[in-house]
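Inspection log for the structure reproduced underneath, given as C-alpha cells.
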Amino acid sequence: MAYLRRLPRSPYWIAGFNLPDGRRTQRSTKTADRKLAMKLATQWEEAARQRITEAQARRVLSDIHEQVHGSRLAASNAGDYATQWLGRKQGETSPVTLRAYRHAVDEFTTFLGDKATQPIHYVTPAQVAAWRDAAAKKATHRTANNKLKIIRTLFQSAWRDGLLTENPAAKVQTLKNGEASRRPFTLGELKAVLRVASQEWRGMILAGLYTGQRLKDIASLTWANVDTERGEISLSTSKTGRRQIIPIAKPLGAYLDELPTSDDPRAPLFPSALPLAQRAGGTSALSTQFHSILASAGLVKARAITHTSTGKGRDAPRERSQISFHSLRHTATSMLKNAGVSEAIARDIVGHESAEVSRHYTHIEESAKRKALAKLPDVTK
C-alpha cells in the first residue's frame with residue numbers, strides 16, 4: 001500500500017510503495033501538496049505492480065512531470081531527430097560518409113512509416129532488427145551490418161542527448177556473413193587483367209596495387225599529387241582524410257613516365273575516370289567498368305544489363321564477387337606481408353589505422369616504405 005512521509009526539514013512529501021518482489025522503496029515527490037503527492041505514490045506503485053514497459057513508464061513519468069511542473073517531458077520524434085542528427089554530421093564527417101549516413105537513416109525512417117512521427121524512445125529493438133533483416137534482403141549482409149552500425153550511432157547520440165535511457169539498436173546483433181568475402185588477386189589473375197585493360201585502366205590498376213589506395217582516390221589523382229623528383233605520390237584519402245605519402249614503385253613509375261606531362265598541376269592522371277570520381281555515385285560506375293574488365297579476363301561473370309533480364313527484380317540482393325578493385329588493396333597488403341614487410345609498414349602504406357600504426361605516435365620513415373615496395377613483384381612482366 002502506498003504511503004507518504006516527510007523529513008523534518010523538507011517541505012516535500014516522500015512517497016513509499018511496494019515493488020513487485022515485495023521490497024519497499026521510497027521516492028521524493030518534489031511537491032508539498034499532500035493530495036498530489038499521494039496520487040503520485042499510487043501511480044508509481046501501480047506502474048511497478050504492472051511491470052510496465054519502458055515506453056509506458058515514460059508516459060507515466062511524462063504525466064507526473066506535467067502534474068508537478070505544468071509541462072510534459074521534452075520528446076523528439078524519430079524522424080525529426082534523425083534529420084537534426086544528419087544536420088550535425090554535415091560538419092563532422094566527409095561527404096562520402098555523410099551520404100552513407102543519409103542513405104541508411106532515410107531507409108530506416110521510411111521503414112518505420114508512421115512510427116517515425118512518434119517519440120524516438122518508442123522505437124524498439126524488434127523494429128530495428130526487422131529493418132536490418134529487410135536491408136539484408138535488398139543488399140549484402142555486410143551492407144546491412146554497416147547500415148545497422150550507423151543507426152546504432154544515431155541512437156547513441158539520442159541517448160547522450162537525454163532522449164533515451166538505452167540504445168535500442170545496441171541490442172540488435174549484426175548478421176553473420178554467409179557470403180564469400182573479398183580476397184586478394186593472385187599474380188596470374190593480375191597479369192590477365194592487365195592484358196585486357198585499356199591503357200588508362202592499366203594505370204589505375206597499377207596505382208591501386210602499388211599504393212593500396214581506394215578506387216575514388218586513384219581516379220582523382222592529378223599531377224599535383226605526383227612528385228617526380230622525390231618519386232612520391234601524396235594525397236589525402238577521401239574516406240578518412242588521412243594524409244598519405246607513398247613512394248612510387250618501379251612498375252608504376254614506368255607507367256607514369258610514359259604519360260604526357262602537363263604544365264597544369266590540376267591535369268588528371270586518368271582523364272576519363274576523374275569526372276566519374278567527382279560526381280555523386282561515380283565510383284559505382286567505375287566499379288562497373290572494372291567488373292567488365294574482370295569479366296573480359298574470365299575472372300567473373302558478366303553482369304546483366306537490366307534487372308528484368310535477371311528475373312530477380314530491383315529489390316533482390318546484388319550478387320557479390322570475391323574480387324573487385326578494392327581487392328587490390330588486400331593484394332597490396334598480402335604481397336607486402338608475404339615479402340617479409342612488417343605489419344606496421346604494410347599498414348602505413350595502404351593507410352590502415354591500427355595499434356601498430358598511429359598518425360599521432362608512430363612515424364614510418366619514407367626509406368622504409370620505399371624498401372618495402374621494392375620487394376613487390378612486377379606484375380607488368
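Listed values, structure above:
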quantity: Hz values of 3J(HN,Hα) by residue in the range 91-102 - Karplus curve (6.51, -1.76, 1.60), Gly and Pro given as x; calculated: x, 10, 10, 6, x, 5, 5, 4, 4, 5, 4, 5
quantity: Cα centre as origin, Lys/Arg/Asp/Glu Cβ charges: the range 113-193 dipole, Debye; calculated: 320 debye
quantity: Expected-Rg normalisation [2.2 N^0.38 Å, Cα atoms] applied to the range 137-280; calculated: 1.41
quantity: Kirkwood Rh, angstrom, the range 78-171 [1 / mean 1/r, Cα pairs]; calculated: 13.2 Å
quantity: Relative contact order of the range 78-171, defined on C-alpha pairs under 8 angstrom at six or more residues apart (%); calculated: 31 percent
quantity: Violating pairs (Cα-Cα greater than 26 angstrom) within the set LYS89/LYS176; LYS191/LYS301; LYS216/LYS369; LYS149/LYS216; LYS301/LYS369; LYS115/LYS137; calculated: LYS89/LYS176; LYS301/LYS369
quantity: Paramagnetic label zone (point 7 Å from Cα along Cα-to-C-beta, ARG266; backbone N under 17 Å) in the range 206-249; calculated: 220-226
quantity: Convex hull per residue volume in Å³, alpha carbons only, for the range 191-245; calculated: 89 Å³
quantity: Dipole of the range 78-171 [Lys/Arg +1, Asp/Glu -1 at C-beta], most positive-end residue of ALA144, ALA116, ALA158; calculated: ALA144
quantity: Projected label distance in nm at ALA254 and LYS375, using a 7 Å step from Cα toward the beta-carbon; calculated: 2.1 nm
quantity: Neighbour-count order for GLU92, GLU232, GLU166, fewest beta carbons within 10 angstrom listed first; calculated: GLU92, GLU166, GLU232
quantity: Nonlocal amide H pairs with THR222, under 5 Å, H built at 1.01 Å; calculated: LEU269
quantity: Net charge of Cβ neighbours under 12 Å - reference ARG34; Lys, Arg +1; Asp, Glu -1; calculated: +3
quantity: Inter-label distance for SER296 and LEU7, nm, one decimal - labels placed 7 Å from Cα along Cα-to-Cβ; calculated: 8.1 nm
quantity: Estimated distance in nm for a label pair at ALA134 and ARG183, the labels positioned 7 Å out from Cα along Cα-to-Cβ; calculated: 3.6 nm
quantity: Given charges at Cβ of Lys, Arg, Asp, Glu: the range 212-255 dipole, positive-most of THR222, GLY253, GLY241; calculated: GLY241
quantity: 5 angstrom amide H check on GLU232, placed H, neighbours 5+ away; calculated: ASP227, ILE248
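All of the numbers you see were taken from the coordinates with simple rules; none came from a lab. Keep in mind that this is a model prediction, so the values were computed, not measured. Reconstructed Cβ throughout: ideal geometry from the backbone, glycine too, with neighbour counts over all protein chains shown.
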